[in-house]
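Right, one structure below, let's go through it.
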Amino acid sequence: MSLNNDSGVCSPWLSSGSDCGDVDTPLTEQSLLLNDGDVENAVPQSHQHILVVGGLGFIGSHTCWELAKAGYNVIIIDNLSNAFNSVYKRLEAMVADHYQKTSGRRPSLNFFKADYRDKQTMTAVLEAYESPLGFALDSVESPIPRRSKIAGVIHFAAHKSVGESIKQPLKYYANNVSGLIDFCSLLGDFGIKAFVFSSSATVYGTVADIKVPLREEYCSQDRTVFVDDDGKQKVQQSGCSGLTNPYGRTKWMCEAILNDLAHADPEWKITALRYFNPIGCDESGLLGEDPRDAATNLIPTILRVITGVQPTLNIYGDDYDTKDGTAVRDYIHVTDLARGHLAALKSRTEKGFKVYNLGTGTGHSVLEVVAAMERVANVKIPTQLVGRRAGDVGMCVAKPSRAQEELGWRTEKSLETCCHDVWRVLELDRVAKQEALANYCEIGDVGHNVACRRVVGDRALGHRETLTTAVLATVSLAVEAITEEVIVTNDLLTKEASVHGAGRWPLYNRGI
């Protein structure tokens, strides 16, 4: 069979790395149509594979990077509905660069363009990673259970915009809830029962406004008896109250479904990680937050104001019961968050369903984040006060002690570090665009635009010498097909590159 996207166009199978050979002889990148038998011939031979669905998004890509650095073979599934193939190209370059400088076997990094809800395609992928078990004397009376080389699955494939979920609730229930049910059923058929689910602090609903750090017990899938921080024993019935939007409801429903699954089949080991507010980016500056739809969360919006794309930053409410009246959130560096997934894979030994908060335990207001970004960028950020947004709560801060004690995980990076790392991406984008515009040559017209190919030399990009390999890979985007070309519009040749499709720049490219 072929791997197809929703339009019916065959999608390539992409691979890099070496599972068993020398680190300096990686597999050649391949583009296959995956007819019967093709996948089996292309699959590397290793037992430490992690399947990541939605693996090219903001959190997913950073988690794939941390997995690869830790030596896991990574299988990425993404339908590119809100991500770009260029993220995979950057991951390839970063992994290659890392293992050129590091001793040890370079793991594989494979990408399948597919929707995780496409049962036919996902079955083909999972079959490719099956481990043979031999033969049964009577396959009817004693069927052999399926065994997979995939040691665990991390799920990032949910839609995640609160505002969009209010406008299009059925889209969210179909993808986030129905999709999860079918996907887990398919994984169970293949004997893959180690599952890490990206949940959200939105499941706490209006409970978040109690103005104390949130414990996992405050939103429980089972009746729970615990001693609260005030020293009193409390009983929490299953469920949660005050869910404010369909997105949050889908996350709560998914947790309930996964809890029921683990009760029904004790072979499952399911970890739900409740994220608070991820910001920042990898310290290299080569991975960032670059969705197809403009991100509406705070840091990307601040950067659009800094770069002139948006005139002012809207402050949604200054009448919350917080220290400066603006909403308070627990902002966690995306690298710390990504490493929480590795901790969930490695540190959990008992089976069943378990929930963990991933946050810093410290809240920052909107105005505090704006001030931190102003210090890092050395600019004044214009703001405008507007009314509260539907579905928002005033405060949402984690109590992360369970993850610290049981997973051995804790955050390491500060709000200031988050801002510095994001600013580094912006600066590298600026350098990359200048380099591209200074070194383009025509390779053909595309409508009224000029398709340009970056002439890649041996020289480093100035002050980022240690990142030359990966930076050049980022700049050299137009190398294989029209879908991979840098498109520079005629009226912007002296100002900026307007890059579309797989050739987008890493982050916040508009208006730089």
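The values are calculated or read from the model by the stated rules, or taken from the named source; none is laboratory data. On a predicted model such as this, the values are computed, not experimentally measured, just so you know. A quick note on method: Cβ atoms are made from the backbone with ideal geometry, for glycine too, and the neighbour counts reach across all protein chains shown. SASA here: full protein model, heavy atoms, side chains in, ligands and nucleic acids out. Shrake-Rupley method; radii C 1.70, N 1.55, O 1.52, S 1.80 Å.
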Point to revise | Sole residue being open to solvent by 30 Å² or more (accessible area, probe 1.4 Å), part of a helix (DSSP H, G or I) and either more than 17 Å from ALA201 (Cα to Cα) or in contact with a Cys (Cβ under 9 Å, 6 or more places away or on another chain) (or both), chosen from LEU261, LEU303 | key: LEU261
Exercise for review: Mind listing whichever residues of the range 264-278 are touching a strand residue (DSSP E or B) at 6+ places or on another chain (Cβ under 9 Å) and either outside any strand (DSSP E or B) or within 16 Å of ARG402 (Cβ to Cβ) (or both)?
Suggested key: PRO266, TRP268, ILE270, THR271, ALA272, LEU273, ARG274, TYR275, PHE276
Practice item. May I ask you to list pairs of residues, at least six apart or on different chains, whose Cβ atoms are under 7 Å apart, with the first in the range 251-267 being touching a residue at least 60 places away in the same chain (Cβ under 8 Å) and the second being crowded, with 19+ Cβ neighbours inside 10 Å and among the aromatic types (Phe, Trp, Tyr)? Key: CYS254/PHE197; LEU258/PHE197; LEU258/PHE353; ASN259/PHE353; LEU261/TRP268; ALA262/TRP268; ALA262/PHE353
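Yes/no matrix, rows are residues, columns are (1) touching a residue at least 24 places away in the same chain (Cβ under 8 Å); (2) part of a helix (DSSP H, G or I):
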site: THR326; (1), (2): yes, no
site: ARG339; (1), (2): yes, yes
site: LEU345; (1), (2): yes, yes
site: THR349; (1), (2): no, no
Revision key, fill the gap. The helices (runs of 4 or more DSSP H) lying wholly within the range 148-248 that contain at least 1 residues that are over 28 Å from VAL328 (Cα atoms) are 169-172, 179-189
Check your understanding: Condition test on THR206, is it within 23 Å of GLU405 (Cβ to Cβ), among the hydroxyl-bearing types (Ser, Thr, Tyr) and open to solvent by 20 Å² or more (accessible area, probe 1.4 Å)?
Key -> no
Check your understanding: Would you call CYS184 surrounded by 20 or more Cβ atoms within 10 Å (Cβ to Cβ), more than 21 Å from PHE156 (Cα to Cα) and touching a residue at least 12 places away in the same chain (Cβ under 8 Å)?
Key -> no
Practice item. Taking ALA327 as meeting all but one of (1) surrounded by fewer than 18 Cβ atoms within 10 Å (Cβ to Cβ); (2) over 23 Å from the mean Cα position of the chain (by Cα), write down the number of the exception. Key: (1)
Review point. Is the range 153-161 home to any residue that is more than 25 Å from CYS396 (Cα to Cα), modelled with pLDDT of 95 or more and touching a strand residue (DSSP E or B) at 6+ places or on another chain (Cβ under 6 Å)?
Key: yes
Review point. If you check every pair at least six apart or on different chains, which have Cβ atoms under 7 Å apart with a residue in the range 378-401 that is on the phi > 0 side of the Ramachandran plot first and a residue that is open to solvent by less than 60 Å² (accessible area, probe 1.4 Å) second?
Key: GLY391/VAL162; GLY391/THR244; GLY391/ASN245
Check your understanding: Taking ALA93 and the conditions (1) under 11 Å from LEU286 (Cβ atoms); (2) surrounded by 24 or more Cβ atoms within 10 Å (Cβ to Cβ), which numbered condition does it fall short on, given that it satisfies the others?
Key -> (2)
Review point. How many of the residues making up the range 66-79 are surrounded by 21 or more Cβ atoms within 10 Å (Cβ to Cβ) and either among the aliphatic types (A, V, I, L, M) or part of a loop (DSSP other than H, G, I, E, B) (or both)?
Key: 8
